[in-house]
Every structure is written in C-alpha cells, then in structure tokens.
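**Student:** Below is a structure I'd like to ask you about.
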Amino acid sequence: MGLNEKPLSTLHEKSSFNLEDFDVPNGREESWRFTPLSRLKGLHKGTAAAGHITVTVDAAPEVTVETVGRDDARLGRSFEPSDRVSAQAWNSFEKATVITVPREAVASKPTVVTLTGSGEGAAFGHLLVKVEPMAEAVLVLEHVGSAVYADNVEFVVGDGATLKVISLQDWNDDAVHVSQHHAQLAKDATFKSFVVTLGGDLVRLSPSVTYTAPGGDADLSGVYFVDAGQHLEHRLLVDHSQPTCKSNVDYRGALQGQDAHAVWIGDVIIRVEAEGTDTYELNRNLILTDGARADSVPNLEILTGEVAGAGHASASGRLDDEHLFYLQARGIPHDEAKRLVIRGFLGQLIEKIELDELRERVFAKVEAELAR
C-alpha cells in the first residue's frame, strides 16, 4: 500500500502504511511545529529501545475479544497512518487486540481495556473495535503506568450501530504517548467519544472520523488538565465525504504552572459531495497561572455551498474576576471559589460521561489536580 495524496489544503495531505513515505520530522513541519520532538524519546525517528505494554480486557459477555497477529485481514481497513509515528506503530506492533460486538447485540456492561506501561523502553500497539450493524456498546480505554507508547486504534461502526468510547490518559508523570484514533461510520451510525487527558509528560492524541454512507453522527468531547512542564496535544480531523452527516466537537482544558502547554487542532473538511452536513467545533482553555500556554487552531474547509450548518469557535483566557467576586461576596473563600469555577467549566462536559463511577473518578482526579 503506497502513498495516498489528498488534493486538499489541510494538515492531512498524505497518508501511507509505508514508513519511508514519511520524512523524520524536524519540528518545522506544520503538523509537528507544536510538538517538542526532543521529548518523544525517539518515537518519531525509530531509535527508541524496545519495551512492553500489558493489555487486559474486561469484556461484556456479548462481546468477542481476540488477540491476533499482524497478518489478520481485518486490521488496517478503516484508516491509513497520517504521520510518521502512526506509521511506525503500524509497522512495529506484534499482536493486536480485536473486539467485536455482534450484529444487533446490546452490550450489558462496558468493555474495559486497560493498557499498563512497565516503564521500560518503547512499545507499539494496535486495537480494532468492530461494532456490527444495529449493535450497541460502551468501551473504556484506560492508560496507566509509565510508558513510551505509540498505537493506532480503529473504531468501525456498522449500519445503525452505536459505539460510545471513553479514553482516559492517566499515565505517570514520565510517560510519552502518541496515538491515532480513527472512527469509520457506516449508514446512520452513531459514535460518541469522550477523551480525558490528565497524566503523562507528553501526550499527543489524534482522533479522526470518516463516513462511508449518509446519516452518520459523531460527537467528540474532551477535557484535559495541564500541569507545570506537561505537554498535552489533541489533533482532531472530521472528514465529511457523505451527505447529511453530523459532527460536533467540544474540548475544554485548564492549565496551571510554568511551561504547562496545551495544543488543540481541530480540522473539519466538508467535501463537494457532502451536502447537508451539520457540523460545529469548539475549544476553550482556562489559563490559571502565569507561565502556562494554550495553542488553539480550529480549521474549517468547506467545498460545497449546500450545508445545514457549519461553524467553529476557540477561546483561551483567565478566570473571570466577576465570577470569583460573586462567590466571595457570598462568603466563599478565594481558593474554594476558584475550584468551583473550574469544576463548573470542565464539569459541563464531564457530566456527559454516562458511567456514574467513571464520571466521579474523573471529577476526583480534577479535584486532585486543583489541589497540587
């Protein structure tokens, strides 16, 4: 499989499974200019020493879980790597995990995939989640431990099927994680993704969505909390190539401490054939201290005049003094008022997590971040 060049003025102008089709990044490329390459531990140039990630799956009884080799024909059918690290992960993983939700099955509980880093060397992985027509499932991805890890994740959602995914990046402070999540939506499929990124030294997560038929609906939400020295980067792509599909993107972050750095890139393409598209993307950042930096770049490329709706917005700023004054005037101490405002800012999204236990865990982790 060779190089696929796309005639669009986007950051995703080419894709390939072949590693040699991608030059080693030097930091001057548009797609890498925000990422501190020196902190990738060699993931971008293939010099990282071999390591290991442990994958455990607690599956719903209706779901099938397999560990397969690289030659499994189901792998790599829904995406192509769009950068060198993704291509490196594709060419380096040894075993993949395949999760299948059978046709018309409704999973009776979430399927939880836990990826645990050992702290030794670099590891590469691949996960395929296939939801067959009219099926419904909830998937939780938990990333914990110390790791240098690159992986590709495929979500293939069949006709009329529904998949809800919560991806929690709760790595130790020294972890490096570069990941590409790709969702492929069939006719009238529904995909809901919720990303929570809190841990790690450097995390670069790239969720993308494509449609193979009309009627697909994607909702991509995320929250992140960036501490001193952390680099947390989210790069989204929604590629509308089918008529009457929907997408909604809403990511919010809070930053505190010297050299805390958040990067959010949101790309939405509406192709000529995607008439009737309805899309909106939003990113908001709350900067809590001096020395923190948020880069937010929404991009909307519309190639047809027949859209139902299309828009984007981005905002980064400090705590609203009026909000703090309002709470303090009612006897709430400054630090507690600050926590309440931040919890409300992020909580509007966290409340969308439908799993009670996980939602409360995320709230507790945000509270712990605020207490640092």
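The values are calculated or read from the model by the stated rules, or taken from the named source; none is laboratory data. Since this is a predicted model, take the numbers as computed values, not measurements. So basically every Cβ, Gly included, is an ideal-geometry build from the backbone, and we count neighbours across all protein chains shown. SASA here: full protein model, heavy atoms, side chains in, ligands and nucleic acids out. Shrake-Rupley method; radii C 1.70, N 1.55, O 1.52, S 1.80 Å.
**Student:** Kindly sort Val156, Val55 by accessible area of their heavy atoms, largest first, with the probe set to 1.4 Å. Intermediate values should be presented prior to the final figure.
**Tutor:** Values: Val156 25, Val55 65 Å².
Listed by decreasing accessible area, they come as Val55, Val156.
**Student:** For segment 81-214, what is the per residue volume of the convex hull drawn over the alpha-carbon atoms, in cubic angstrom? Let's see the in-between values first.
**Tutor:** Working: hull volume 12.7 nm³, N = 134.
Normalising the Cα hull of segment 81-214 by residue number yields 95 Å³.
**Student:** In the P(r) worked out for segment 42-146, what percent of Cα pairs fall beyond 22 Å?
**Tutor:** Values: 2061 of 5460 pairs.
Tail of the P(r) past 22 Å holds 38 percent of the pairs.
**Student:** Among Pro298, Thr244, Ser167, whose Cα sits farthest toward the positive end of the charge dipole of segment 161-308 (+1 at Cβ of Lys/Arg, -1 at Cβ of Asp/Glu, about the Cα centre)?
**Tutor:** Thr244
**Student:** Additional query: Please express the Cα-Cα pair-distance distribution P(r) of segment 66-126 as a list of whole percents, one per 10 Å bin, running from 0 to the bin with the greatest distance.
**Tutor:** Percent of pairs per bin, in order: 17, 42, 32, 9, 0.
**Student:** What is the chain's relative contact order, in percent, from Cα pairs under 8 angstrom and six or more apart in sequence?
**Tutor:** Normalised by residue count, the contact order of the chain is 9 percent.
**Student:** Also: Could you work out how far apart the two model spin labels at Glu20 and Ala213 are, taking each label as a point 7 Å from the Cα in the direction of the beta carbon, and quote it in nm?
**Tutor:** Between Glu20 and Ala213, the simple spin-label model gives 3.9 nm.
**Student:** Also, quick follow-up: Could you give the dipole magnitude of the chain about its Cα centre, charging the beta-carbon of Lys and Arg +1 and that of Asp and Glu -1, in debye to the nearest 20?
**Tutor:** The calculation lands at about 380 debye.
**Student:** Can you tell me what the convex hull of the Cα atoms of segment 19-60 projects to on average, as an area in nm²? Don't jump to the answer; show the numbers that get you there.
**Tutor:** Values: hull surface 21.1 nm².
Directional mean of the projected Cα hull area for segment 19-60 stands at 5.3 nm².
**Student:** So for the chain, considering every pair of alpha-carbon atoms, how many percent are separated by more than 36 Å? Intermediate values should be presented prior to the final figure.
**Tutor:** Values: 12847 of 69006 pairs.
For the chain, the share of Cα pairs beyond 36 Å comes to 19 percent.
**Student:** Could you pull the accessible area for Thr212 with a 1.4 Å probe, rounded to 10 Å²?
**Tutor:** Number for this one is 70 Å².
**Student:** If the elastic network links every pair of Cα atoms under 10 Å, which of Thr304, Thr111, Thr197 fluctuates the most in the Gaussian network model of the chain?
**Tutor:** Looking only at Thr304, Thr111, Thr197, the biggest GNM fluctuation is shown by Thr304.
**Student:** Counting only protein heavy atoms and a 1.4 Å probe, tell me what percentage of the chain's accessible area is made up of carbon and sulfur. Could the numbers behind the result be given before it?
**Tutor:** Working: 7200 of 15260 Å².
Carbon and sulfur together cover 47 percent of it.
**Student:** Students often forget the sequence filter, so: which lysines lie under 23 Å Cα-Cα from Lys109 once same-chain residues fewer than 8 apart are removed?
**Tutor:** Within the straight-line cut-off, Lys109 pairs with Lys130, Lys164, Lys192, Lys352.
**Student:** Could you do me a favour and compute the accessible area per residue for the chain, 1.4 Å probe, result in Å²?
**Tutor:** On a per-residue basis, the chain sits at 41 Å².
**Student:** Need the full-extension length gain, Asn91 to Ala49, defined as separation in residues times 0.36 nm minus the C-alpha distance. One decimal, nm. Spell out each step's value before the answer.
**Tutor:** Numbers: separation 42, 0.36 × 42 = 15.12 nm, distance 1.52 nm.
That works out to 13.6 nm of additional length.
**Student:** One quarter of the convex hull surface, Cα atoms only: what value does that give for segment 197-288 in nm²? Please report the intermediate quantities before stating the final value.
**Tutor:** Values: hull surface 22.2 nm².
With every direction weighted equally, the projected area is 5.5 nm².
**Student:** Pairs of alpha-carbon atoms within less than 8 angstrom and 6+ residues apart define the contacts here; what relative contact order does segment 199-280 have, in percent? All intermediate terms of the calculation are to be shown ahead of the outcome.
**Tutor:** Working: 191 pairs, mean separation 29.1, N = 82.
The value is 36 percent.
**Student:** For the chain, what is the mean residue ellipticity at 222 nm derived from helices alone (per DSSP H run of n ≥ 4: -39500 (n - 2.57); sum divided by total residues; nearest 500 deg cm²/dmol)?
**Tutor:** -4000 deg cm²/dmol
**Student:** Moving to a separate point now. Could you rank Lys164, Lys130 by how accessible they are, 1.4 Å probe, largest area first? Intermediate values should be presented prior to the final figure.
**Tutor:** Details: Lys164 55, Lys130 75 Å².
The ranking, largest first, comes out as Lys130, Lys164.
**Student:** Only bridges whose two residues both fall in the chain count here: according to DSSP, what percent of them are antiparallel, nearest 5? Can you show the working numbers first?
**Tutor:** Numbers: 14 of 140 bridges.
Percent antiparallel among DSSP bridges in the chain is about 10.
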